[in-house]
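Everything on this sheet refers to the single structure shown next.
The values are calculated or read from the model by the stated rules, or taken from the named source; none is laboratory data. Everything numeric here is computed off the predicted structure, so don't read it as measured data. Protein only, heavy atoms only, side chains kept; ligands, DNA and RNA dropped before computing areas. Shrake-Rupley method; radii C 1.70, N 1.55, O 1.52, S 1.80 Å.
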Amino acid sequence: MIEKNTPTQFDINNLVENRWSPRTFASTPISETQVKTLLEAGRWAPSSSNMQPWRIIWGIKGTQMYDRIFNCLDDFNRGWAGNAQVLWINAFKKTMNDSDKENFHALHDLGLFMGNVCSQAQHMGLAVHQMAGVQHKKAHQEFRFTDDYHVATAVAFGYYGGDVSDLPEDLRKEETKKERERKTQDEFAFNGNFNSNKQ
Ligand SMILES: Cc1cc2nc3c(=O)[nH]c(=O)nc-3n(C[C@H](O)[C@H](O)[C@H](O)COP(=O)(O)O)c2cc1C
């Protein structure tokens, strides 16, 4: 099993600390009930005016739905995402529930939805790998979204595991890299004006 080191500056909870985004997954299947459990965690995310703008299309490996989602990924992500046991597409409603006015916070809310899903997945021992690399227009048409929806991202799920030999050669080094990296808090958080930490 690939081990990662997360050099936290402060102690944080294990679900957040130990999550990472693999491109290999164990061959253990994920059941429909498990998918619905992940969706349920997302369902209880907060959202602006409780509009819940997220919309999810999902499929389990070995089904037509999985293949339809896979075929909407970009070339790069099709190089590894077939290792996943579940694929899904994230879309959001661009407009308010009760008018055609734009919901500026819909993407924020979809992010919160996915935050809940990531923590729930980690709790279940499942890994999550989110993808911006989707053929957005193709997915929009393929799954019959109407004009007031935007296809945002795709997601791969599976138990942590698998083998780096499941990956194209150029992705193997990153997969096994031990040290995880982040900006320091000083680079993004200010107890003062924007960028006030700069000397
Ligand atoms: C919205 C979003 C889009 C992403 N798009 C891709 C993608 O298209 N392909 C990919 O391999 N990884 C993608 N990632 C994974 C990120 O590269 C990864 O989360 C980041 O490098 C941090 O690594 P960690 O999740 O292992 O901590 C995406 C992640 C997010 C949240």
Quiz item: When the accessible area of region 30-163 is split by element with a 1.4 Å probe, what percent falls to carbon and sulfur?
Solution: 51
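Can you bin region 30-163 into rounded, prolate or oblate? Criterion: square roots of the alpha carbon gyration tensor eigenvalues sorted a ≥ b ≥ c, rounded for a/c under 1.5, prolate for a/b above b/c, oblate for the rest.
Verdict is oblate for region 30-163.
Need the full-extension length gain, T184 to E40, defined as separation in residues times 0.36 nm minus the C-alpha distance. One decimal, nm.
48.6 nm
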Quiz item: How much accessible area does W54 have with a 1.4 Å probe, in Å² rounded to the nearest 10?
Solution: 20
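So for F10, F190, what's the accessible-area order with a 1.4 Å probe, most first?
F10, F190
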Quiz item: Per residue, how much accessible area does the chain have with a 1.4 Å probe, in Å²?
Solution: 59
Practice problem: Distance between Cα centroids, region 139-199 to region 1-31: provide it in whole Å. | Solution: 13
Quiz item: Past the 30 Å Cα-Cα mark, which pairs from K61/K137; K61/K183; K101/K138; K36/K94; K93/K178; K4/K36?
Solution: K61/K183; K93/K178
Quiz item: At 222 nm, what helix-only mean residue ellipticity would the chain give, in deg cm²/dmol to the nearest 500, using -39500 (n - 2.57) for each DSSP H run of four or more?
Solution: -8500 deg cm²/dmol
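Rank these residues by their accessible area, most exposed first, probe 1.4 Å: F104, F143. Show your work: numbers first, answer last.
Working: F104 160, F143 25 Å².
Ranked from most to least accessible, the order is F104, F143.
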